[in-house]
Amino acid sequence: MLNIKADFPVLNRLFGGDAGEPGMALHYLDSAATTQKPLSVIETMDRFYRESYGTVRRGVYRLSEKATAEYENTRKKVAKLLNAASEKEIVYTSGTTQSINLVAYSYGRKFLKPGDEILLSTIEHHANIVPWQLITEMTGAVIKVIPVDDTGTLILSEYAKLLTERTRIVAVNHVSNALGTINPVKEMIRMARQANHFNPQDPTRRGAVVLIDGAQSVSHMKVDVRDLDADFYAFSGHKMFGPTGIGILYGKSAILESMPPYQGGGDMIERVTFARTTYQKPPHRFEAGTPAIVEVVGLGAALDYLAHLGLDRIAAHENALLQYGTRLLSEIPELRLIGTAPHKASILSFTLEGVHPHDIGTLLDEEGIAIRAGHHCAQPTMDRFGVPATARASLGPYNDTADLDALAAGLRKIIEVFR
Amino acid sequence: MLNIKADFPVLNRLFGGDAGEPGMALHYLDSAATTQKPLSVIETMDRFYRESYGTVRRGVYRLSEKATAEYENTRKKVAKLLNAASEKEIVYTSGTTQSINLVAYSYGRKFLKPGDEILLSTIEHHANIVPWQLITEMTGAVIKVIPVDDTGTLILSEYAKLLTERTRIVAVNHVSNALGTINPVKEMIRMARQANHFNPQDPTRRGAVVLIDGAQSVSHMKVDVRDLDADFYAFSGHKMFGPTGIGILYGKSAILESMPPYQGGGDMIERVTFARTTYQKPPHRFEAGTPAIVEVVGLGAALDYLAHLGLDRIAAHENALLQYGTRLLSEIPELRLIGTAPHKASILSFTLEGVHPHDIGTLLDEEGIAIRAGHHCAQPTMDRFGVPATARASLGPYNDTADLDALAAGLRKIIEVFR
Amino acid sequence: MSRSHELYQQVILDHNKNPRNYRVIPDATYSCEGHNPLCGDHITLFLNVGADGIISDVSFQGNGCAISKASASMMTTFLKGKSSDEAKSLFKEFHDMVIGDLDPDVQETHLGKLTLFKGVREYSSRIKCASLAWHALMGALEKQVSATTEA
Amino acid sequence: MSRSHELYQQVILDHNKNPRNYRVIPDATYSCEGHNPLCGDHITLFLNVGADGIISDVSFQGNGCAISKASASMMTTFLKGKSSDEAKSLFKEFHDMVIGDLDPDVQETHLGKLTLFKGVREYSSRIKCASLAWHALMGALEKQVSATTEA
Ligand SMILES: Cc1ncc(COP(=O)(O)O)c(C=O)c1O
Ligand SMILES: Cc1ncc(COP(=O)(O)O)c(C=O)c1O
């Protein structure tokens, strides 16, 4: 098992503890919302601001040249993490949400025609629902929804039926943030290809492209976009030990090249006149304006940290904790686990009989345990399981069995209070 | 005069200086591209990551509650800086570029009809040109351009003629980043109102709204959006001593409320179903996904720093330096100042006879002087003045006369080399 | 004493478990669905106001946490027999109390037992739970069919 | 010695001031406009290639910094009389040198005097200036009308 709490300053301080009391350690169980940051990431950004801050891709002075080099170096690291064919397939965005909006606005507006179909799953995050709804309003395309069974597993036979020659886009998450289900995205991409022979060499030829929302997967398991054959892969820096304000869109070169710009501004143009403006090649075509320079540098440090831990070791650690936590929680009779797919990532979503998730959240916080309560930006998932909200404990590589023991003990105490 | 170099770590270190040499101090003259950061901003973000990092607007645990409070507190500070009527008029974006794209996509797509006119000035940054070009392609609206005279001053009599009942949007910068011209935006807004009686109570009624690109003004002079009567005001955190990855869009409440969402995702919705989704009120309607939490907190510290310096003192300091620098540069016979408007901010754009701006930039860098060389993302401005590029020294409150002396000495040396 | 004990008092836990006036008024003069967009909780408030402006009956139904349910339950018992103008000024007092602008320990209020909810001001994420029913009440009085806590 | 002296040598300054082959070839076999989107500089390259594949004339015009102008000037003098295949392999050597993958001090090259430009590898923002004319050359050989340094 990993033992890395020491790398994370926030996990080493005590909270509360005024009036002579010693304070409490933090049991942080909300990594699916956002992860804490290791010292190396915090220090890299701090040092960069103190010593090397400058703008990128514009300055002819060394401060800017060096900033540009660090900035572009992260792109290479991301390409390596994903096993992308080239760093030109890596677009910087402000987060998963913007990555998906970029595809919806740029690819969607260009290629979707009235009656075209977008396939989503029932268990998507709002970030992978609402952009498509906005784009259907503009294009006349329609959304079809892949159903899930009672464990939270996508029903592939229904997916197969929904895949038709009208399917233009399939957009599903790799891991559901509300349930923890790991979706069989490799198989789903293969099915999309078979149903609908898409030719990436000629993206104007109609066919379905597949976008994978990797917000919950990329720091928890090895992801190989070429092995998956994903057309787009989207994720956020802040959920992978990096800073807020930075995200990634991976896109296959041929597809990115077929896409018009999304936002307009500096650095994405080749030549601007009021009569006519021409645009740069990808990825720069999609990166308008001064980018999140320091956040990109911080993300680079986060990728180094991830590489140092090793995704296999992270996955093994988190899986062991998931088994342990599932067992602990199953012993609480009042508790109902929501999301019991055979293939699951380290997310434990649940309800307690007679206690609303918000009350669970507030009362656990008294014990220094941070979980999330609510709809997890996945209201259709809540609707599917007939609950308004769940409590959710989600794990990262810095968690240990003590965190889960504290959670179980806290839940038992709450049940007492509410009895 | 201000004397604040000590507040900025990067201005207190020596660069280069390998092989026993002592290294050089940095004469940073590229604040129009991005400003350096004071220690208080760097430390606020560092401390936040170490001690208080959590997600916002979602968690029921204290870490998240406190993060949310700090996050929303910055909104109040921004409202105060601009003298906005309410913090609900303050939308967080990733930068000026995104702020303008948001208005173009959301307001523009809803209200622009074929033949409607958008007025821009000749001396805009690409961020205030390209989004409008993209939107004219979608809507059939057309762009008209306000000309400038040879000093770089907008010709208001021509502007008056361009204002017609077809004018729907006027978008101009407060200060030109390429020339330093301060545009008479208050007068221009007044003229737009008179030419075209816009009723902010009923934004669906046709009329021109005015967007001011404040990227170059907001940390250099007092801006009062209510006194200006601006409908939108856009700027970037990184140009006002704050971090990268965060920007602001101010919009009048009634106008923001009339606008549809821009990006879709978490936190901007009221209720999501696959059948129908409803959206939150502004500003949250326009803030999809996990925001730039730590950057917002850092921006809050930058606003405190700005308040501590005082915008009047900054303006006086920079104006004195501008006068000093203009005099120094005017004494160099080979030098041509581009941008000589009577009303100017602290930007010195110039060319040297026989020396390309890029060579100036590289050679000044050898002396530890960081300036910008190129088209400054304002190619139409370059075209207007018949130059492919200029060299540009732009000032911040941390600059002093020594920086300008070094610049002038460096330029004389370059002229020698190229003679 | 830990924060939460101040909030989760026996009275609140009791109202959560046995909410009063938890029913539909089929022929209500007004009803309004209150909705907290951040958590998805919602309750429907039913209101009968006589010609004299007096609240003759008030009830609620819906889904929410202990805080929002207890708050709705206690609010309905408290309001019966009060005028709609009184209800509006109670809303203001309650709202000021939960956001921390009014401290019932040092300032006079007309909130009676409802001052129990003062503890919520310590929990910024729960303030909207306590005020959800009250927002629905205001919506009903203003003849709206829905209200959110976003105001 | 400071970095810039290595780059701004007398030869380069001279070619900047007195660029060779700075003219239009009206009936050029090929021509291509090279463009550096980051700085807006552009030059047009003119090329005459005989039936034997030999470059019989090559010239340029346009706007650019000392580095790009000197590089264009020296490239044109160097290429005259070479075959288009040789030109392509020289492009590769030149390109590798300026991005720092080929060090003419330790590895053999066919670049002759053009190795002067090796200093540019220290200036990441200027590499594209040195290679602008070469990109235009490649564009011309590939019969494109325009080329950027973005490749
Ligand atoms: C006048 C003006 N507008 C817009 C921008 C774009 O700002 P950003 O790149 O931070 O989005 C800039 C700066 O680059 C600017 O100077
Ligand atoms: C599955 C999934 N998709 C998308 C998102 C949105 O990510 P962000 O808010 O960082 O844009 C999240 C996280 O909130 C998520 O869990």
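Sorting B:ILE332, A:ILE371 by the number of Cβ atoms found within 10 Å of their own Cβ, with the fewest placed first, yields B:ILE332, A:ILE371. In order along segment D:131-144, the Karplus-derived 3J(HN,Hα) couplings, from 6.51 cos²θ - 1.76 cosθ + 1.60 at θ = phi - 60°, round to 9, 4, 4, 5, 5, 5, 4, 4, x, 5, 5, 8, 6, 8 Hz, and Gly and Pro are given as x. Counting Lys +1, Arg +1, Asp -1, Glu -1, what net charge surrounds A:ASN83 among other residues with beta carbon under 10 Å of its beta carbon? Summing Lys/Arg as +1 and Asp/Glu as -1 gives +1. For segment B:112-254, the Kirkwood radius over C-alpha pairs fed into Stokes-Einstein at 10 °C and 1.306 mPa s yields D = 103 µm² per second. Rounded to the nearest Hz, the phi-derived 3J(HN,Hα) couplings of segment A:225-235 under the Karplus curve 6.51 cos²θ - 1.76 cosθ + 1.60 (θ = phi - 60°) are 5, 7, 5, 5, 6, 5, 7, 9, 9, 10, 7, where x marks glycine and proline.
Annotation: amide H of A:GLU270 within the under-5 Å range of A:THR278, A:TYR279, A:GLN280, sequence separation 5 or more or interchain, hydrogens built in the peptide plane. Note on B:GLU331 and B:THR151: with the Förster distance fixed at 25 Å, the Cβ-Cβ geometry gives a FRET efficiency of about 0.80. Of all lysines in the structure, the ones whose alpha carbon falls short of 18 Å from that of B:LYS413, not counting any fewer than 8 places away in one chain, are D:LYS17.
Counting neighbouring Cβ atoms within 10 Å and putting the fewest first, the residues B:SER52, C:SER56, B:SER157, A:SER31 line up as B:SER157, C:SER56, B:SER52, A:SER31.
Applying 1/(1 + (r/R0)^6) with R0 = 22 Å to the Cβ-Cβ distance of B:LYS80 and C:GLN107 gives a FRET efficiency near 0.20. Here's how it looks for A:PHE15: its modeled amide H is under 5 Å from those of A:MET24, A:ALA25, which are all 5 or more places away or on a different chain. When the Cα atoms of the protein assembly as shown are aligned to their principal axes, the ranges along those axes come out at 98, 62, 62 Å in descending order. Restricting the calculation to Cα atoms, every distinct pair contributes to the Kirkwood radius of segment B:44-307, found to be 18.9 Å. If the cut-off is a Cα-Cα distance under 17 Å, which lysines reach A:LYS144, setting aside same-chain residues fewer than 8 apart in sequence? Cα-Cα hits under 17 Å: A:LYS113, A:LYS161. Here A:LYS80 is the anchor, and the aspartates and glutamates within straight C-alpha reach of less than 14 Å, apart from those fewer than 8 places off in the same chain, are A:GLU72, A:GLU89, A:ASP224, A:ASP227, A:ASP304. The helix-only estimate of mean residue ellipticity at 222 nm for chain C, built from DSSP H runs of length n ≥ 4 each weighted as -39500 (n - 2.57), is -11500 deg cm²/dmol after division by the residue total.
Counting only alpha carbon atoms, the long axis of helix A:311-330 and the longest principal axis of chain A meet at about 40°.
Put a dot 7 Å past the Cα of B:GLU353, heading toward its Cβ, do the same for D:VAL145, and the two dots end up 3.8 nm apart. With a 10 Å cut-off around each Cβ of A:348-360, the average count of Cβ atoms from other chains is 4. Model label sites at A:LEU162 and B:LYS161, defined 7 Å from Cα along the beta-carbon direction, differ in position by 5.9 nm. For the rotation carrying A onto B, the chain A residue whose Cβ lies nearest the axis, with the distance in whole Å, reads A:GLY245, 2.
Each part reduced to its alpha carbon centroid, segment A:234-283 and segment A:327-374 end up 39 Å apart. Each residue of segment D:60-72 was assigned a 3J(HN,Hα) from its phi angle through the Karplus expression (A = 6.51, B = -1.76, C = 1.60, θ = phi - 60°), giving 8, 8, x, 10, x, 7, 4, 5, 6, 6, 5, 5, 5 Hz with x at Gly and Pro.
Simple spin-label estimate for D:THR77 and A:ALA6 gives 6.4 nm between the two label positions (7 Å along the Cα-to-Cβ direction from each Cα).
Helix B:293-309 and the longest principal axis of the Cα set of chain B meet at an angle near 60°. The C-alpha atoms of chain A define a longest principal axis, and helix A:185-195 lies at about 40 degrees to it. Amide H contacts for A:GLY247 (H built 1.01 Å from N in the peptide plane; partners 5 or more residues away or on another chain; cut-off under 5 Å): A:THR93, A:SER94, A:GLY95, A:GLY237. Descending by average beta-carbon neighbour count within 10 Å, the peptides A:68-81, C:71-84, D:119-132 line up as D:119-132, C:71-84, A:68-81, the highest first. Within the shell of other residues whose beta carbon sits under 9 angstrom from the beta carbon of D:ASN21, the net charge comes to +2, with Lys and Arg scored +1 and Asp and Glu -1. Computed from the C-beta positions of D:ASN18 and A:MET24 and an R0 of 60 Å, the FRET efficiency is 0.20 to the nearest 0.05. The distance separating the Cα centre of segment C:75-98 from that of segment D:78-151 comes to 80 Å.
With label points defined 7 Å past Cα in the direction of Cβ, position D:ASP105 shows copy-to-copy spacings of 7.4 nm, given to one decimal and shortest first.
Within a 10 angstrom radius of each residue's Cβ in A:97-106, how many Cβ atoms of other chains show up on average? Whole number is fine. That works out to 4 on average.
In the structure shown, the pairs A:LYS88/A:LYS239; B:LYS88/C:LYS128; A:LYS5/A:LYS77; A:LYS66/A:LYS186; B:LYS66/C:LYS143 are assessed against 29 Å; a Cα-Cα span above that value is assigned to A:LYS66/A:LYS186; B:LYS66/C:LYS143.
Read the figures in this text as sums done on the coordinates, not as results from a lab. Bear in mind that the values here come from a model prediction, so they are computed numbers and not experimental data. Virtual Cβ from ideal backbone geometry, glycine too; neighbours counted across all protein chains shown.
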